[in-house]
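Every number here is computed from the coordinates shown, using simple stated rules; none is lab data. Small disclaimer: the values here were computed from a predicted structure and weren't measured. Because the Cβ atoms are built from the backbone with ideal geometry, glycine has one as well, and the counts that use them run over all protein chains shown.
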Amino acid sequence: MIVKPKSKGFICATAHPVGCKADVKNQIEYVKKMPKTEGVKNALIIGASMGYGLSTRIAAAYSANAATLGVIFDKPSKGEKRTATAGWYNTVAFEEFAKEDGLYAKTINGDAYSAEVKEQVISTIKEDLGQVDLVVYSIAAPRRTVADGTTYSSVLKTVGESYTNRTIDLRNNEITDVTIEPATEEEVNATIKVMGGEDWKDWIDALNDAGVLAPNAKTVAYSYIGPVITHAIYKDGSIGQAKKDLYKTADEMNGKYNGLTAVVSVNKAVVTQASAAIPIVPLYISLLFKVMKEKGNHEGCCEQMYRMLHDKLMHEGGPIVDESRLIRVDDYEMEPDVQAKVAELWDKVNTENIKELGDIDGYWEDFFKIFGFGIDGVDYDADVDINVEGNFL
């Protein structure tokens, strides 16, 4: 069938198999050209099908020649009615390229929060790899079901007081004001359950108890801090409370488990399915892209995750962290001159001048690229087979 993007706001209901494959190939080619990374033999990537998780898997495989075991939660196509998810197509493509290049790559498709998937991962490591020396935790899920059957849902809200600021309505690119209401204590606690450090620690506990976590292994999870204009909804909001729990978990795990190094990497703002859903953030990203592209230091997921792995996490003297023990891959974004320029544009931007002052076209290019659309060299008028089989465990 001929696949076109079907989107509404921050949701895209279709994905293009050939486009997704081409995007994965482009990321692989980028990493192949970069200096090699030492110190990673076997990597487990929890949340490996899109965004930072996928890019970290590619960086580990093609920069460090690491064997990679991925955990995803994606859906196949449904006849000729529904395409597979982008993550499904991405992972099929990655495994195909890895096999061609002689790299071990297997993937387990299931709920990473579940005990069953943890057991399946441990069994696979024992059979194929023995132990893993890198564990990447890259999950951005809206809900989590815990062992007793309780399901918790995360919320995108402030804490304490409501907050009003400007945002962009992704349905029509209009700049409007938005007010975000505060979360209840119950909602904050639920968000921490979903997006905090509890499940990350559960994974490390399970791997360690099973004897498949290598001595002196490294583990990294991901976060975002951003500028003051986004703090109420992110850093200081319900998500931010979960991230504080993530930081605390890293500190609690660090140095334990036979010398484990546990850190959180704070990454730059990029267009993802998750970030597109956060009020205020898409407008900020469009202005940020404009400034960073003009300055020449703009990065996407792939460039950041290679730099995080090669320059920061696997640094021969130990991970390069700030005073809070955080790896900062948002360093280019947070440069004072970049933030000063974005703040200046923030006060001027409106619906009429967003294309001039911001990079709204670049925002949408990145958004559709997530789903395999707008990739150079792909014929989007061609008939493609959407029923791509995945040999997942």
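Working note: Karplus 6.51/-1.76/1.60 with θ = phi - 60° gives region 214-230 the couplings 5, x, 6, 5, 10, 9, 9, 10, 10, 8, 8, 10, x, x, 4, 5, 9 Hz, where Gly and Pro are set to x. Only beta bridges with both residues in the chain are counted; by DSSP, about 30 percent of them are antiparallel.
Residue-wise HN-Hα couplings along region 34-48, as the Karplus relation 6.51 cos²θ - 1.76 cosθ + 1.60 with θ = phi - 60° gives them from phi, are 8, x, 6, 10, 9, x, 10, 10, 10, 10, 10, 10, 9, x, 10 Hz; Gly and Pro carry x.
For the chain, set up a GNM with springs between Cα atoms under 10 Å and report which of Leu156, Leu357, Leu69 has the largest fluctuation. Maximum among the listed residues: Leu357.
Among Asp23, Asp133, rank each residue by its count of other Cβ atoms within 10 Å, from fewest to most, as a rough exposure measure.
Asp133, Asp23
Taken one residue at a time, the phi angles of region 377-391 give Karplus couplings (6.51, -1.76, 1.60, θ = phi - 60°) of x, 9, 8, 7, 9, 7, 6, 10, 8, 7, 8, 8, 7, x, 8 Hz. Gly and Pro are set to x. A helix-only calculation puts the chain at -11500 deg cm²/dmol for mean residue ellipticity at 222 nm, using -39500 (n - 2.57) for each DSSP H run of at least four residues, averaged over all residues. Between amide H atoms placed 1.01 Å from N, distances below 5 Å from Ile280 occur with Ile168, all of them 5 or more places distant or on a separate chain.
In debye, nearest 20, what is the charge dipole magnitude of the chain about its Cα centre with +1 on Lys and Arg Cβ and -1 on Asp and Glu Cβ, if you could check?
Values: 43 positive and 59 negative charges, 63 e Å.
Magnitude of the dipole: close to 300 debye.
Comparing Gly130, Gly196, Gly53 in a Gaussian network model of the chain, where Cα atoms under 10 Å apart are tied by springs, the biggest mean-square fluctuation is seen for Gly130.
Applying both filters, DSSP loop and at most 12 other Cβ atoms within 10 Å, to the trypsin sites (Lys or Arg not before Pro) of region 312-350 gives Lys348. When the chain is treated as a GNM, springs tying every alpha-carbon pair under 10 Å, which of Asn65, Asn172, Asn350 comes out with the largest mean-square fluctuation? Of the options given, Asn172 has the highest mean-square fluctuation.
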